[in-house]
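Following: one structure in structure tokens, then a few remarks.
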Amino acid sequence: MRRILVVDDDGEFRNTLVRTLAVHYNVVGAANAAEARAALAHGVALVLLDIRLVSGQPGDREGLDLLREVRTEHPHVPVVMITAFGELDTAVEAMRLGAADYLQKGRVELRDYRRVIDGLLEQRRLARQVDQLREDLDRLGSSALVGNSRAIAEVRRQTAMVAADGRATVLLTGETGTGKELAARLIHRQGWRREGPFVAIAPSAFAPSLFESELFGHEKGAFTGADRLRAGTVEKSDGGVLFLDEIGDLDVGVQVKLLRLLESWSFTRVGGSDEVNVDIQFIVATNRDLKEQMKLGRFRQDLYFRLNGVEIHLPSLMERPEDVTLLARHFLERQRLVGNTHCNSIAAPALANLRAREWPGNVRELRNCVELGAMRADFDGRTEVKLEDLPGASRSTLAGDRAADALPDSGGDLKERLAEAELAYVEGALKRTGGRKVAAARLLGHTDRFALLRRVKSILEQYPRLVDRYPLVKEGYVGR
Ligand SMILES: Nc1ncnc2c1ncn2[C@@H]1O[C@H](COP(=O)(O)OP(=O)(O)OP(=O)(O)O)[C@@H](O)[C@H]1O
Ligand SMILES: [Mg+2]
């Protein structure tokens, strides 16, 4: 039941109030700030606080001080001030400090208390529900693998299969940001282990010497500081899914123990000899080439072969540009649904720009790019994300625009255009160096003047008619 705390140093009034309210609520009383703190530490849904609570010090404002403290330490707990007749000023000040309401001593009846208390408790419940729904929405939206490409459809088919199986060990491969962790969570949510835990762990988050005990736990006295038995990640994920990220970074010693776990589903805690059995689905991920690691002797062959049974490869974004638009809209919509942006569309040139990029950081990078773009559009008071809102767009497109302007309308022979552009650079270099071929060659990044000579000759052999446009080139290189 929701606990209500009554803080008042007037024992008689406090006891009466506690007794009266106890018919409807779970009520505790406190005579001073210290008692109130102790009660709050155990969890309280609402506080009724005497505005004139005193500590015996001169200039006492204990009631208001405690109010301030509750507001900062327990911001979700509403505080209702109990005031005496004629204390309106203080009551107003209390409201300003964040009190949720106030009630006048002696003038109010149980009904009034109930009205105020129930109203606030209901408000709190609704606020919590909204938070919860937000989280659910976020989780829901974020655990779907978005994409229409064949490659992503194949990934979805495979995750559904291993989720239904619930026992197969899965190896997730793919570049950074391609959705390996997302796929692991999806397998957990889709499978019959969904009621069990999902535990994710990565070696890089721990000192190498500590990772083994983090994973397998330790017995009391296993090492200095191990003052009690501690369950590891493997034990904590019993019945559910264990996601071991960055498996390529795993210590060779831990690899041995892991292989045993995968073969017998049992292990021993560090410093112990008792076998512990677990029933888990094991998912590992890497963005390194495990085969390569194996050749270098950093990854055990037997473990590799145990893991590569079911491999699900997450394609890079560049392999599936057709998904970019869908993903971009998906991330924008999610931001909008959780109330982070007012934007609801992305302009066509912006989408074209997103599709044309290489995305070394894959979906993660795309997501950041879209979210930042939405932020900038919001800042400008627009609901459409435009090209200039996207980080990194201006630079790349400016260069592209210049080239686009330089292209002839009918297309033409691109090679000849490039050859001509190169000759134009040589002409420019000769002009700047006063016709000195050694200096011009160096300016253009050639190692010596013969390298430049060979380059110019080969261009002119292919496109002899270009030479008349570049007098310095003609003078310097033709006929010599
Ligand atoms: N197909 C997808 N649909 C929707 N969101 C995706 C998709 N793929 C990736 N994401 C999102 O991109 C971000 C990066 O994904 P995730 O963390 O799963 O990548 P990862 O492969 O584990 O990367 P790393 O190797 O760097 O750990 C996350 O916010 C994830 O929700
Ligand atoms: Mg990851």
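Return the pair list, or none, for Cβ contacts closer than 9 Å from residues in region 170-191 that are more than 8 Å from ligand 1 (Cβ to nearest atom) to residues that are acidic (D, E), at least 6 apart or on different chains. Matching pairs, first to second residue: V170/E311; L171/E311; T173/D289; T173/E311; G191/D165. If you check T159, T178 for being part of a helix (DSSP H, G or I), surrounded by 13 or more Cβ atoms within 10 Å (Cβ to Cβ) and at pLDDT 95 or above, only one passes: T159. Scanning region 83-125 for residues that are of a type outside the set (K, R), surrounded by 13 or more Cβ atoms within 10 Å (Cβ to Cβ) and assigned to a loop (DSSP other than H, G, I, E, B) yields A84, E87, L97, G98, A99, A100, V108.
Condition check: at pLDDT below 80, out of contact with any Leu (no Cβ under 8 Å at 6 or more places or on another chain) and closer than 23 Å to Q281 by Cβ. Does R128 satisfy that?
Working: at pLDDT below 80: yes; out of contact with any Leu (no Cβ under 8 Å at 6 or more places or on another chain): yes; closer than 23 Å to Q281 by Cβ: no.
Considered against the rule, which asks whether it is at pLDDT below 80, out of contact with any Leu (no Cβ under 8 Å at 6 or more places or on another chain) and closer than 23 Å to Q281 by Cβ, R128 comes out as no.
Residue-level check: of (1) free of Cβ contacts under 8 Å to residues at least 24 places away in the same chain; (2) of a type in the set (F, W, Y); (3) within 18 Å of V278 (Cα to Cα), F206 misses just (3).
So that you can scan it fast, the table gives a plain yes or no per residue for (1) outside the structural domain of R185 (by TED's automatic domain parsing); (2) touching a strand residue (DSSP E or B) at 6+ places or on another chain (Cβ under 7 Å); (3) assigned to a loop (DSSP other than H, G, I, E, B):
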site	(1), (2), (3)
A328	yes, yes, no
H342	yes, no, yes
A352	yes, no, no
R355	yes, no, no
E358	yes, no, yes
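Only one of V23, V6 is in contact with a strand residue (DSSP E or B) (Cβ under 6 Å, 6 or more places away or on another chain) and either outside any helix (DSSP H, G or I) or crowded, with 20+ Cβ neighbours inside 10 Å (or both). Can you tell me which? Step by step, each of V23, V6 is checked, and only V6 is in contact with a strand residue (DSSP E or B) (Cβ under 6 Å, 6 or more places away or on another chain) and either outside any helix (DSSP H, G or I) or crowded, with 20+ Cβ neighbours inside 10 Å (or both).
Among what's in region 162-174 and is surrounded by 14 or more Cβ atoms within 10 Å (Cβ to Cβ) and in a helix (DSSP H, G or I), pick the residue that is farthest from ligand 2 (Cβ to nearest atom). Within region 162-174, the match that is farthest from ligand 2 (Cβ to nearest atom) is D165. Among the residues of region 194-223, those that are away from ligand 1 (no atom under 15 Å from the Cβ), out of contact with any helix residue (DSSP H, G or I) (no Cβ under 8 Å at 6 or more places or on another chain) and part of a helix (DSSP H, G or I) comprise P208, S209, L210, S213. Report yes if some residue within region 240-256 is among the small types (G, A, S), in the same structural domain as V155 (by TED's automatic domain parsing) and either modelled with pLDDT under 95 or over 20 Å from L172 (Cβ atoms) (or both); otherwise report no. There is at least one residue in region 240-256 that is among the small types (G, A, S), in the same structural domain as V155 (by TED's automatic domain parsing) and either modelled with pLDDT under 95 or over 20 Å from L172 (Cβ atoms) (or both).
Would you mind finding the one in D50, D65 that is among the acidic types (D, E) and touching a strand residue (DSSP E or B) at 6+ places or on another chain (Cβ under 6 Å)? Give the derivation first.
Working: D65 fails: touching a strand residue (DSSP E or B) at 6+ places or on another chain (Cβ under 6 Å).
Residue meeting the stated conditions: D50.
Only one of the numbered conditions (1) within 16 Å of ligand 2 (Cβ to nearest atom); (2) surrounded by 15 or more Cβ atoms within 10 Å (Cβ to Cβ) is violated by A374, and that is (1).
Can you tell me which residue among L337, L366 is within 20 Å of the chain's Cα centre (by Cα), more than 16 Å from ligand 2 (Cβ to nearest atom) and not assigned by TED's automatic domain parsing to the domain that holds E263? After applying the criteria, what remains is L337. For region 240-285, the candidate set comprises residues that are hydrophobic (A, V, I, L, M, F, W, C), more than 16 Å from ligand 1 (Cβ to nearest atom) and within 26 Å of the chain's Cα centre (by Cα); within that set, the residue that is farthest from W192 (Cα to Cα) is F282. The set of residues from region 181-193 being in a loop (DSSP other than H, G, I, E, B) and touching a strand residue (DSSP E or B) at 6+ places or on another chain (Cβ under 8 Å) comprises G191, R193. If you go through region 272-287 and pick out every residue that is farther than 15 Å from D251 by Cβ and either surrounded by 18 or more Cβ atoms within 10 Å (Cβ to Cβ) or within 16 Å of ligand 2 (Cβ to nearest atom) (or both), you end up with 7.
State whether one or more residues within region 268-285 are part of a helix (DSSP H, G or I) and not polar (S, T, N, Q).
no
In the condition set (1) surrounded by fewer than 21 Cβ atoms within 10 Å (Cβ to Cβ); (2) touching a helix residue (DSSP H, G or I) at 6+ places or on another chain (Cβ under 8 Å), N368 is compliant with all but (2). Within region 243-260, is even one residue farther than 29 Å from L314 by Cα and hydrophobic (A, V, I, L, M, F, W, C)? Within region 243-260, not a single residue is farther than 29 Å from L314 by Cα and hydrophobic (A, V, I, L, M, F, W, C). Pairing residues of region 281-295 that are in contact (Cβ under 8 Å) with a residue 24 or more places away in the chain with residues that are in a strand (DSSP E or B) and among the hydrophobic types (A, V, I, L, M, F, W, C), at Cβ distances under 6 Å and at least 6 apart in sequence or on separate chains, gives Q281/V241; F282/L242; I283/V170; I283/F243; V284/L171; V284/L244; A285/L172. Please determine whether any residue of region 286-297 is within 16 Å of ligand 1 (Cβ to nearest atom), under 24 Å from W192 (Cα atoms), assigned to a strand (DSSP E or B) and in the same structural domain as F206 (by TED's automatic domain parsing). No, there is no match, as no residue in region 286-297 is within 16 Å of ligand 1 (Cβ to nearest atom), under 24 Å from W192 (Cα atoms), assigned to a strand (DSSP E or B) and in the same structural domain as F206 (by TED's automatic domain parsing).
The values are calculated or read from the model by the stated rules, or taken from the named source; none is laboratory data. Quick caveat, the model's predicted, so the values are computed rather than measured. Glycine also receives a Cβ, built like all others from the backbone with ideal geometry; neighbour counts cover every protein chain displayed.
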